[in-house]
Amino acid sequence: MVAKQRTRSGSDAMLFSSWNYKTLILGLVLVIVGFTAMYIENEVQGFISLYVSPIMIMAGYITVIFAIIKHDKRNDDNAE
């Protein structure tokens, strides 16, 4: 079998736009800061461990998922 080789041209579109990468990094930072704040407080019944950190972690996960799922339609118009 002959394997097809894909040629790369200069107009290949990236998988994500710059907005997606920035939002993905923001979500990862929120998750890391949330877990770090929970670790630093080191108290099971503390305010940060019970309320602030879980909200930050969930916001980070939602932001990461949103950054992966959102598709910029302007990139499709430019690619055609």
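Computed from the coordinates by the stated procedures, all read-outs in this text should not be read as laboratory data. From a predicted model like this one, the values you see are computed outputs, not experimental measurements. Here Cβ is always computed from backbone atoms with ideal geometry, including for glycine, and neighbour counts include all displayed protein chains.
Can you give me the distance in nm between label points at L15 and K73, each placed 7 Å from the Cα along the Cα-to-Cβ direction?
2.5 nm
Within a Cβ distance under 12 Å of F16, other residues only, what is the Lys/Arg minus Asp/Glu net charge? Don't skip to the answer; put the middle values down first.
Numbers: positive: K22, K70; negative: D72.
Local net charge: +1.
Using a Förster distance of 22 angstrom, determine the FRET efficiency expected from the C-beta separation of T36 and Y61, and round it to 0.05. Kindly include the intermediate steps, with their values, before the conclusion.
Details: r = 15 Å, r/R0 = 0.70.
After rounding to 0.05, the efficiency reads 0.90.
Determine ³J(HN,Hα), in whole Hz, for all residues of the stretch 50-55 in sequence, where each value follows from phi through the Karplus function 6.51 cos²θ - 1.76 cosθ + 1.60 and θ = phi - 60°; x replaces Gly and Pro.
8, 10, 6, 4, x, 5
Could you work out the Kirkwood radius for the stretch 18-71, taking every pair of different alpha carbons, averaging 1/r and inverting it, reported in Å?
Evaluated on the stretch 18-71, it is 11.3 Å.
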